[in-house]
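The structure appears below as structure tokens.
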């Protein structure tokens, strides 16, 4: 049997969109906190942006968060690269060299 669709008041829907736009929290986090579908909230946020209901401060906050996250990820990437380089130097390229095996000299068999 299909579930009955829940209906939310206009104030609740507008409040959910406002939380995303003002706090800069990701849509999945806010949707989970409010107990609503992530896709539904994302479409409402998108619709509000197209309607021009976001202020320039909101847009600035939304752009600043990914920029800060990008900077943090670049820093982490540099640190991981340095760690990798240290390990490469420490192990001296183990596994990158091919071993050469000298063939044994054949000895005549008695007989």
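The values are calculated or read from the model by the stated rules, or taken from the named source; none is laboratory data. Since the structure is predicted, the reported quantities are computational estimates derived from the model, not experimental observations. Glycine also receives a Cβ, built like all others from the backbone with ideal geometry; neighbour counts cover every protein chain displayed.
Here are the numbers for the structure shown:
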item: Any chance residue 102 is modelled with pLDDT under 90 and surrounded by 11 or more Cβ atoms within 10 Å (Cβ to Cβ); result: no
item: Residues within segment 1-42 that are closer than 24 Å to residue 63 by Cα and assigned to a helix (DSSP H, G or I), tallied; result: 24
